[in-house]
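All of the numbers you see were taken from the coordinates with simple rules; none came from a lab. Owing to the predicted nature of the structure, the values given are computational and were not obtained by experimental measurement. Note that each Cβ is placed from the backbone with ideal geometry, even for glycine, and that neighbours are counted across all protein chains shown.
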Amino acid sequence: MDAPTPRPVAPGVSWLEFPVGNVYLWDHGDGLTLVDTGVPGSAEAILGALTALGHQPADLTEIIVSHFHRDHTGSAAELARRTGARVLAHPADAPVIRGQQPGAPPQLTELERPLAEMLFGDLASLPGSPPPPVEVDQEVADGDRTAGGGIVVGVPGHTPGSIALLVPHLGVLFCGDTIASTDGAPILGPFNIDRLGAIESVRKQARLDFEVACFGHGAPLVGSASHKILALIRSF
């Protein structure tokens, strides 16, 4: 897999766009935080992007896993092994990430079902074959702090243990899959286990103050992002 070109979205924050989903690197001065890890097989490309930014693998000290889906946890085990970075995730999703139990499938809407069939084929196998398990070194919940001053925001609904990460001094929110973007506009992320819970989590994020929203899928929103997400919740 080719290494994507890192694109800056905020001071110290780089966006890595993969064919399936996004990964973010955040240089907070005391090391690097990686938000999500892509599908299995993405580690080499992520390390290549890290090198392109002038860093070494050992500079990666923290991996934030926004939720248990394989396009976010797929390369966590290899990256943790090759860098020594600690893995952080919510207690509700940690057993799935550790490989101790299967992840619950999403409850598809009628609009989502054709898209899911196109992307995944056999709907009975959703959310896909499990990625290599990885130890979660620290379980984090709403309000907990991470390296660099990040604040964990509990946003259940897409999965029971979905988390976002707010970096107040940068005005950046990493949303995971609770919110996505298409054609430059935010949308409710698809394939939720609890759709009503996911909508409430979008409302929760809209009440925060941030200029940049970094999504698991779709281009980040740069500029007045919280106001645009506030406009989104009016459509529910």
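Along the positive direction of the dipole of region 103-236 (beta-carbon charges: Lys, Arg +1; Asp, Glu -1; about the Cα centre), which of 230, 178, 216 reaches farthest? Projecting each Cα onto the dipole axis, the largest value belongs to 230.
Were the residues from residue 44 through residue 7 laid out at 0.36 nm apart, the gain over their Cα-Cα distance would be 11.6 nm.
With the convex hull drawn over the C-alpha atoms of region 105-217, the volume per residue is 118 Å³. Longest exposed-loop-site-free stretch of the chain, with GluC sites (Glu not before Pro), DSSP loop and at most 14 other Cβ within 10 Å? With GluC sites (Glu not before Pro) excluded where exposed in loops, the chain gives 1-109 as its longest stretch.
Rg then Dmax, both in Å and based on the Cα atoms of region 156-236: 11.2, 32. Taking amide H as placed 1.01 Å from N in the peptide plane, residue 187 has its amide H under 5 Å from the amide H of 180, 181, 182, each at least 5 places away in sequence or on another chain. Across region 137-147, computed HN-Hα scalar couplings (Karplus, 6.51 cos²θ - 1.76 cosθ + 1.60, θ = phi - 60°) run 6, 9, 8, 10, 9, 3, x, 5, 9, 10, 4 Hz from first to last residue, x flagging Gly and Pro. Peptides 147-155, 85-93, 174-182 ranked from most to least packed, by the mean per-residue count of other Cβ atoms within 10 Å: 174-182, 85-93, 147-155. Normalised by 2.2 N^0.38 Å, where N counts its residues, the alpha-carbon radius of gyration of region 155-194 equals 1.24.
Three principal axis extents describe the C-alpha atoms of the chain; from largest down they are 46, 38, 32 Å.
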